[in-house]
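Contents: one structure, followed by commentary.
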Amino acid sequence: MSLLLKNVTKTFQDSGQDAVRNVDLEIRDGEFVCVVGKSGCGKSTLLNLIAGLEKPTSGEILLDGAPIKGPGADRVVMFQEHALFPWLNVIQNVKFGMELAGVPRQEQEEKAMKYLELMQLADYRNYAIHQLSGGMRQRVALARALTLDSKILLMDEPFSALDKQTSNRLRAELQDIWMQTRRTIFFITHSVEEAVYLADRVIVLSNGKDSVQDIVPIALERPRHVYDEAFVEYRRRILSEVQKEL
Amino acid sequence: MTRKTKKENTKFIKLLQQLLFLLGIVALWQLLYFVGVDLLEFWKPYAMPSPAGVWKSLVRLIESGTLFTAIGNSLLRGMIGFLISVAFGTVLGFLMEHFPFLHQNMRPFVMGVQTLPSVCWVPFSILWFGLSEQAIIFVVIMGSAFSIAIATDNAIHNVPPIYKKAALTMGASQKQIYRKVILHACLPELISGLKQGWSFAWRALMSGEVMTTCIGLGQTLITGRNLADINQVMLVMIIIVLVGILIDQIFFRSLERRIYRKRGLA
């Protein structure tokens, strides 16, 4: 798997959304990339472009050499809101993507249970969505996304609507899962701490002439700990980068 | 006492209160009749219905079999008209939502037609179909189909975009978006729209029935007027209200409640 962004620019006429300028970026197989930046710097737009929900104004995005034409299951997105369907229960939600793809029922069942167990949600398989807590809903959404074996998993601030404790627990779980599965993940966040905790590389976006202000590789062993000296140093460095006035 | 029986008890008490309230109204009505007709002779007896008179009418119409035939005929007619309205209205609503051209141009037109009271369709309908079943059913359709179309349009339009986006990024085709997402997501609002459509259909049905001579509640009402029997008129009015409420409660309300509860919206 390789994802290549070549000089990608997106401008909006009615300026309701944030523009992205001249992005050159390569995401490698199995890599965990986090994107940070002030609000309004185009983080979500960049993700929408890769997802195929937006089309670039100029430049191109290539997935394994082929240009992206629209949204697809090879680039599944996990949103800030859980986006689970309230008319389906937990396991039906997890199976939804596989059902679209016409995966045989038996396989759907096995795979759904596998990821529900990974998320420690097997006991909740028949629960309605409204019976779950916010953190559990996001875990169901993650299980649903993982079942699709997409080439890249796009995550748009998935933990930012949760309370601090829950979001810390979920990012630790995500780190575990990543260490086990080595999925390619493109992760948007406004929390520098979250980015340093999770990423192989942190991309700092800004409102400058070029959207990508800096790319910081994080050379820390996993599992990571937020109070390690090196961790704090990375965090300080990236935070000052984000807050830099241009 | 467990929580559940406590809840049932308050429910029972509420029901009892409603019943007592209704009884109070009937008692007041009887008192008004007694004072106004018997004591002061302010109204003539044929100009004022009384609870006792209405009761006698009820017994008479049940014994002659007229009442149940009328209710049956009206319900059947109403259902036929309503079902045609649902078929026509949901398709029209779907098309209006799907094609921006129709949404922009057809929708204001449909909303305009919807403001026309259904009784205004009666002369047109009689000219087309004569004093017949079809004439009444046509009025019912005209009275409810457009409201169902608008409700369907709104219900689909109000589906949160995040559901569509989520399904798209999981690889859904346009057809799958409609079948597996929008159809389900719009259901609560659609059911509410159909419920409203039914109440329009029921009103339109009565407009149609009082103007024609087909057997039904509307015609029984007019017979009451022709016989100058105000008790029968009052009785049929009450029956029309009760049948309308009954369908609303036993069918639509319970359907609505089930869907809302399943989704945690209630």
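Readers should treat all values here as calculations from the given coordinates under stated rules, not as data from a laboratory. Computed from a predicted structure; not experimentally measured. Reconstructed Cβ throughout: ideal geometry from the backbone, glycine too, with neighbour counts over all protein chains shown.
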Check your understanding: Which of the residues that make up segment A:64-84 are more than 9 Å from every other protein chain (Cβ to nearest Cβ), without any contact (Cβ under 8 Å) to a residue 40 or more places away in the chain and not small (Gly, Ala, Ser)?
Key -> A:Pro67, A:Ile68, A:Lys69
Practice item. Kindly indicate the residue of segment B:166-203 that is hydroxyl-bearing (Ser, Thr, Tyr) and over 15 Å from A:Trp87 (Cβ atoms) and also surrounded by the most Cβ atoms within 10 Å (Cβ to Cβ) among those meeting that condition. Key: B:Thr169
Exercise for review: Select from segment A:191-242 the residues that are in a helix (DSSP H, G or I), within 20 Å of the chain's Cα centre (by Cα) and among the β-branched types (Val, Ile, Thr) and list them in ascending order.
Suggested key: A:Val192, A:Val196, A:Ile238, A:Val242
**Study point:** Residue in segment A:111-128 that is within 14 Å of another protein chain (Cβ to nearest Cβ), surrounded by fewer than 15 Cβ atoms within 10 Å (Cβ to Cβ) and either out of contact with any strand residue (DSSP E or B) (no Cβ under 7 Å at 6 or more places or on another chain) or outside any helix (DSSP H, G or I) (or both) present
**Key:** yes
Revision key, fill the gap. Restricted to segment B:124-159 and to residues being assigned to a loop (DSSP other than H, G, I, E, B) and touching a helix residue (DSSP H, G or I) at 6+ places or on another chain (Cβ under 7 Å), the residue farthest from the other protein chains (Cβ to nearest Cβ) is B:Asn158
Check your understanding: Has segment B:206-223 got at least one residue that is in contact with a helix residue (DSSP H, G or I) (Cβ under 6 Å, 6 or more places away or on another chain), within 14 Å of chain A (Cβ to nearest Cβ), among the aliphatic types (A, V, I, L, M) and in a loop (DSSP other than H, G, I, E, B)?
Key -> no
Review point. What is the one condition in (1) part of a helix (DSSP H, G or I); (2) in contact with a helix residue (DSSP H, G or I) (Cβ under 6 Å, 6 or more places away or on another chain); (3) surrounded by fewer than 17 Cβ atoms within 10 Å (Cβ to Cβ) that B:Tyr163 does not satisfy?
Key: (3)
Check your understanding: out of contact with any Cys (no Cβ under 9 Å at 6 or more places or on another chain), within 13 Å of another protein chain (Cβ to nearest Cβ) and of a type in the set (Lys, Arg), is that true of B:Arg203?
Key -> no
Point to revise | Cross-chain or 6+ apart pairs with Cβ under 6 Å, segment B:166-195 first and more than 10 Å from every other protein chain (Cβ to nearest Cβ) and in contact (Cβ under 8 Å) with a residue 60 or more places away in the chain, then surrounded by fewer than 22 Cβ atoms within 10 Å (Cβ to Cβ) and part of a helix (DSSP H, G or I) | key: B:Ile191/B:Leu255; B:Ile191/B:Glu256; B:Lys195/B:Phe252
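Are any of the residues in segment A:85-106 of a type in the set (Asp, Glu), in contact (Cβ under 8 Å) with a residue 60 or more places away in the chain and more than 7 Å from chain B (Cβ to nearest Cβ)?
no
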Check your understanding: With B:Leu242, B:Leu265 as the choices, which residue is hydrophobic (A, V, I, L, M, F, W, C), touching a residue at least 40 places away in the same chain (Cβ under 8 Å), more than 18 Å from B:Ser64 (Cα to Cα) and surrounded by fewer than 19 Cβ atoms within 10 Å (Cβ to Cβ)?
Key -> B:Leu265
Review point. In segment B:205-225, is there at least one residue being among the hydrophobic types (A, V, I, L, M, F, W, C), surrounded by 21 or more Cβ atoms within 10 Å (Cβ to Cβ) and in contact with a Lys or Arg (Cβ under 8 Å, 6 or more places away or on another chain)?
Key: yes
Exercise for review: Determine, yes or no, whether A:Asn48 is touching a strand residue (DSSP E or B) at 6+ places or on another chain (Cβ under 9 Å), within 14 Å of chain B (Cβ to nearest Cβ) and surrounded by fewer than 21 Cβ atoms within 10 Å (Cβ to Cβ).
Suggested key: no
Review point. Within segment B:9-26, is there a residue that is among the basic types (Lys, Arg), assigned to a helix (DSSP H, G or I) and free of Cβ contacts under 8 Å to residues at least 40 places away in the same chain?
Key: yes
